[in-house]
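Everything on this sheet refers to the single structure shown next.
No value in this document is a laboratory result; all are computed from the given coordinates. Computed from a prediction, not measured in an experiment: that's the story for all the values here. With ideal geometry, Cβ positions are generated from the backbone for all residues, glycine too; neighbour counts draw on all protein chains shown.
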Amino acid sequence: MVCELGLADQLVGRTGFCIHPKTALKSVPKVGGTKSVNLKKIRELAPTHVIVNVDENRKETADALARFVPNVIVTHPLAPLDNFVLYRQVGKAFGREREAEMLCDRFDLAFRAVQERIFEKKKALYLIWKDPWMTVSRDTYVSRMLGLFGLQTVPETAESRYPKLTNLDVGAETILLSTEPYRFGEKHRKDLEQQTKLPVHLIDGEMTSWYGPRAIEGLRYLADFRRSIT
């Protein structure tokens, strides 16, 4: 998103998970992971702004950054339509309002195309981790993104936003194996299909969970994906 707003030349650091666009980020130093942030390295880079996310970064990390970074931008999209707020929030922070509105227009076009279609409801178990099995609750961006395409995540209720499961018998009609954060592959898909006797599909985790410009592509991807599993 930062690069889409025309700010690639102003990037001084990124996490190891910030990988797109590859060419623009090739020379941008890494400052650790989302949970294991190297505060010393960030201090040396002396940024004027740091963008953090409630789900991805620890609060203590954000608090520590606020002690020496002039501007800490906190993001927390919980639904696809929150992308409008996100684009404008970051665009305004860097004086890129025009570019932010262009992103809004692109997202709106893709979102309207989804709204024109009716998708059959299907209960889906979306798995993000193995040993232990972990999924997403309905109070997450991922769940609401899938919901646009008739994929209702199960279980219906959960004590946490990313609950652990002791078993996979949660009333699903289909199982979706995300390619991230756990790298589920074809072998996992075949094994789980045999184990559960349910249809199991690999799904691109970037397309379901990455907000920002990736969400525009995600809407189109999920429309095609939904057709493929009907």
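In table form, for the structure just shown:
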{"read-out": "Globularity index of region 1-76, i.e. its alpha-carbon radius of gyration over 2.2 N^0.38 Å", "value": "1.03"}
{"read-out": "Cα centroid separation - region 69-143 against region 192-223, whole Å", "value": "14 Å"}
{"read-out": "Of all DSSP beta bridges in the chain, antiparallel share, percent nearest 5", "value": "25 percent"}
{"read-out": "Cα-derived Rg to Rh of region 122-228, Kirkwood definition", "value": "0.93"}
{"read-out": "Normalised contact order of region 1-76, rounded percent, pairs of Cα under 8 Å and 6 or more residues apart", "value": "25 percent"}
{"read-out": "Kirkwood hydrodynamic radius of region 80-180, Cα pairs, Å", "value": "15.3 Å"}
{"read-out": "Amide proton proximity set for I51, modelled H, under 5 Å, gap of 5+", "value": "I73"}
{"read-out": "Farthest positive-ward along region 1-114 dipole, Cα basis, beta-carbon charges - from G91, L109, T15", "value": "T15"}
{"read-out": "Within region 122-228: Cβ-based charge dipole about Cα centre, in debye rounded to nearest 20 (Lys, Arg +1; Asp, Glu -1)", "value": "160 debye"}
{"read-out": "More than 18 angstrom apart: percent of Cα pairs within region 140-185", "value": "33 percent"}
{"read-out": "In order through region 163-175: 3J(HN,Hα) via Karplus (6.51 cos²θ - 1.76 cosθ + 1.60), integer Hz, x for Gly, Pro", "value": "x, 8, 10, 7, 8, 9, 7, 10, x, 7, 9, 8, 10"}
{"read-out": "Dipole axis of the chain (+1 Lys, Arg; -1 Asp, Glu on Cβ), positive-most option in S228, V31, S160", "value": "V31"}
{"read-out": "Proportion of all alpha-carbon pairs of the chain beyond 31 Å (%)", "value": "27 percent"}
